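The values are calculated or read from the model by the stated rules, or taken from the named source; none is laboratory data. Nothing here was measured: the structure is a model prediction, and the numbers come from that model. As a convention, Cβ positions derive from the backbone with ideal geometry for all residues, glycine included, and neighbour counts pool all protein chains shown.
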Amino acid sequence: MNIALCASLCLNTGMHIDPRVIQHARILVRYSIRAKSREIVTLNGPPEAEPLIVAAHEELLKAGVYPAVRMAPEACTDALFRHGKPHHFDTVSKLETAAARPVDGLIRIMASSNTRALSDADPRKQARLFRATRGLRQTLLKKKWVLTLHPTPAYAQDADMSLNAFEDFVYRSMMADEPNPIAAWKGLARKNQRLIQRLRRADRIRIVGRDTDLTLSVKGRTFINSTGTHNMPCGEIFTGPVEPSAEGHIRYDYPVCHAGREIDGIRLVFRKGTVVEATAEKNQKFLRAMLDMDPGARRLGELGIGTNYRIQRFIKNILFDEKIGGTVHLALGQSYAETGGRNRSALHWDMIKDLRKGGALYVDGKVFQKDGKFVDS
């Protein structure tokens, strides 16, 4: 979609945009990707995200950016899994590869009209597509990028909320309700950095909770301060566990929504860093299919600690849920290189453990977090 067409879209539709959407767009452009004049930034999302796409497009123009807007209906993805040929799942087109090279930044907006649209897709095809697009994803991850969400009725239904209440929840979690949201995000970054200082020489991490006693090592690894530059909303510190170190078991407290499916009652057992037992009360077959994607899918690629205390309820959306203040999340699969993690996989799958009711996080034998609250050193 070119600039003139997008500009006429605003004029011809007479669209009224919630002021918080405009604030959201400013956060994405001015803070998350720090857009600069003459950069090329792609703006991807479905038609349901139109208000935020229009607002972000305007902000990009004000910043002097060359915006490239791509709006694709969710039904296109569904059609891919129903009608795609083998090469669609095993290779990436030359166009996609070439288009990624000149891009300086990427804003991706989720705005689903049906969060279970892919529930009937073949998990083997999904796994093949994850593997085939790994290289393309790695190329784009080296750019400036941010992933965010625009509220829709489907997300509100998943969260058991009215649309108005869900919108309030979303914009509060993003600090878009603040007079100066960028200053607020910088304030959270300073708090996170103080936590990281306490973890600089950490080795053994122990996670304890309901049906959970898991230890792992983070020795020599780097904790990253994540406050809105890649996810919006955000609020976490994370690292890559030492690959062969995880020992014990963990039961995740919330269902995981992945690739159009909801997987609930997940329990994993680790030996020498590898998942040796994996069960789920719902969609166990899919869970095991993802773990068999490649050898790295059964190892941990990330340990994250949620620090956004504006998010206090589970909504079945990992973008928000993994940031809940008082929780930890462990991702199976691909590590982030900046943490020192070495695990490689086409998978990166976050799962959440709630520590707010009787859980604890120990660092080298000392309590770091108890009942979801950080304990002063």
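Can you pull out every residue in the range 292-314 that is modelled with pLDDT of 95 or more, of a type outside the set (Ser, Thr, Tyr), touching a helix residue (DSSP H, G or I) at 6+ places or on another chain (Cβ under 7 Å) and crowded, with 21+ Cβ neighbours inside 10 Å?
Selection gives 297, 298, 308, 311.
Any idea which of 359, 372, 326 is in contact with a strand residue (DSSP E or B) (Cβ under 6 Å, 6 or more places away or on another chain) and not aromatic (Phe, Trp, Tyr)?
Working: 372 fails: in contact with a strand residue (DSSP E or B) (Cβ under 6 Å, 6 or more places away or on another chain); 326 fails: in contact with a strand residue (DSSP E or B) (Cβ under 6 Å, 6 or more places away or on another chain).
Among 359, 372, 326, only 359 is in contact with a strand residue (DSSP E or B) (Cβ under 6 Å, 6 or more places away or on another chain) and not aromatic (Phe, Trp, Tyr).
Among the numbered conditions (1) surrounded by 20 or more Cβ atoms within 10 Å (Cβ to Cβ); (2) modelled with pLDDT under 95, tell me where residue 75 comes up short.
Residue 75 satisfies every listed condition except (1).
Test of understanding: among 68, 55, 98, which residue is over 26 Å from residue 349 (Cβ atoms) and touching a strand residue (DSSP E or B) at 6+ places or on another chain (Cβ under 6 Å)?
Working: 55 fails: touching a strand residue (DSSP E or B) at 6+ places or on another chain (Cβ under 6 Å); 98 fails: touching a strand residue (DSSP E or B) at 6+ places or on another chain (Cβ under 6 Å).
Only one candidate qualifies: 68.
Restricting attention to the range 93-105, which residues are surrounded by 16 or more Cβ atoms within 10 Å (Cβ to Cβ) and assigned to a loop (DSSP other than H, G, I, E, B)? Working first, answer last.
Pass one, the range 93-105, residues surrounded by 16 or more Cβ atoms within 10 Å (Cβ to Cβ): 100, 103-105.
Passing the criteria: 103, 104.
Failed condition for residue 263, given (1) touching a Cys at 6+ places or on another chain (Cβ under 7 Å); (2) free of Cβ contacts under 8 Å to residues at least 40 places away in the same chain, with all others met?
All conditions pass for residue 263, except number (1).
Residues in the range 46-60: is at least one modelled with pLDDT of 95 or more and in a strand (DSSP E or B)? Break it down stepwise before answering.
If we filter the range 46-60 for residues that are modelled with pLDDT of 95 or more, which is where we start, we get 46-60.
Among the residues that remain, those that are also in a strand (DSSP E or B) are: none.
Checking the range 46-60: not a single residue is modelled with pLDDT of 95 or more and in a strand (DSSP E or B).
For residue 333, are the conditions met, namely being touching a strand residue (DSSP E or B) at 6+ places or on another chain (Cβ under 7 Å), surrounded by fewer than 23 Cβ atoms within 10 Å (Cβ to Cβ) and closer than 19 Å to residue 252 by Cβ? Don't jump to the end; show me each part of the working.
On the way: touching a strand residue (DSSP E or B) at 6+ places or on another chain (Cβ under 7 Å): yes; surrounded by fewer than 23 Cβ atoms within 10 Å (Cβ to Cβ): no; closer than 19 Å to residue 252 by Cβ: yes.
Spelling it out, it is not the case that residue 333 is touching a strand residue (DSSP E or B) at 6+ places or on another chain (Cβ under 7 Å), surrounded by fewer than 23 Cβ atoms within 10 Å (Cβ to Cβ) and closer than 19 Å to residue 252 by Cβ.
Any residue in the range 305-328 that is touching a residue at least 60 places away in the same chain (Cβ under 8 Å) and within 15 Å of residue 167 (Cα to Cα) sitting within a Cβ distance under 6 Å of a residue that is assigned to a loop (DSSP other than H, G, I, E, B) and of a type in the set (A, V, I, L, M, F, W, C)? List the pairs, counting only those 6 or more apart or interchain.
Once the first residue is touching a residue at least 60 places away in the same chain (Cβ under 8 Å) and within 15 Å of residue 167 (Cα to Cα) and sits in the range 305-328, its partners that are assigned to a loop (DSSP other than H, G, I, E, B) and of a type in the set (A, V, I, L, M, F, W, C) give 315/159; 320/311.
Looking only at the range 335-373, which residues are in contact with a helix residue (DSSP H, G or I) (Cβ under 7 Å, 6 or more places away or on another chain) and either not assigned by TED's automatic domain parsing to the domain that holds residue 244 or not in a strand (DSSP E or B) (or both)?
So the first thing to find is which residues in the range 335-373 are in contact with a helix residue (DSSP H, G or I) (Cβ under 7 Å, 6 or more places away or on another chain), and the list is 343-347, 349-350, 352.
Across the range 335-373, the qualifying residues are 343, 344, 345, 346, 347.
Is it true that some residue in the range 43-59 is among the small types (Gly, Ala, Ser), surrounded by fewer than 19 Cβ atoms within 10 Å (Cβ to Cβ) and without any contact (Cβ under 8 Å) to a residue 60 or more places away in the chain?
no
Whether any residue in the range 239-251 is farther than 30 Å from residue 279 by Cβ and touching a residue at least 24 places away in the same chain (Cβ under 8 Å) is what I want to check.
no
If I ask for residues that are of a type outside the set (Gly, Ala, Ser) and in contact with a Phe, Trp or Tyr (Cβ under 9 Å, 6 or more places away or on another chain), which ones from the range 300-309 would you list? It would help to see each step written out before you state the result.
To start, the set of residues in the range 300-309 that are of a type outside the set (Gly, Ala, Ser) comprises 300, 302-303, 305, 307-309.
Correct list: 300, 302, 303, 305, 307, 308.
Could you please find all residues in the range 145-173 being polar (S, T, N, Q), in contact with a strand residue (DSSP E or B) (Cβ under 8 Å, 6 or more places away or on another chain) and not in a helix (DSSP H, G or I)? Quick ask: steps written out before the conclusion?
Narrowing the range 145-173 to residues polar (S, T, N, Q): 148, 152, 157, 162, 164, 173.
Then drop every residue that is not in contact with a strand residue (DSSP E or B) (Cβ under 8 Å, 6 or more places away or on another chain), which leaves 148, 173.
Residue satisfying the conditions is 148 alone.
Among the residues of the range 357-377, write down those that are crowded, with 18+ Cβ neighbours inside 10 Å and not aliphatic (A, V, I, L, M).
Selection gives 359, 368, 369, 372, 374.
Can you tell me which of (1) part of a loop (DSSP other than H, G, I, E, B); (2) over 18 Å from the mean Cα position of the chain (by Cα); (3) at pLDDT 95 or above is the one residue 248 doesn't meet?
(1)
Here is a list of conditions, (1) touching a strand residue (DSSP E or B) at 6+ places or on another chain (Cβ under 7 Å); (2) part of a helix (DSSP H, G or I); (3) over 20 Å from residue 345 (Cα atoms), and residue 311 meets all of them except one; can you say which number that is?
(2)
Find all pairs meeting these conditions: Cβ atoms under 8 angstrom apart; at least six residues apart or on different chains; first residue within the range 355-370 and among the acidic types (Asp, Glu); second residue in a loop (DSSP other than H, G, I, E, B).
364/202; 364/203
Which pairs have Cβ atoms under 8 Å, sit 6 or more apart or on different chains, and link a residue in the range 196-218 that is assigned by TED's automatic domain parsing to the domain that holds residue 277 and part of a strand (DSSP E or B) to one that is modelled with pLDDT under 95 and charged (D, E, K, R)?
Listed pairs, sorted by first residue: 209/253.
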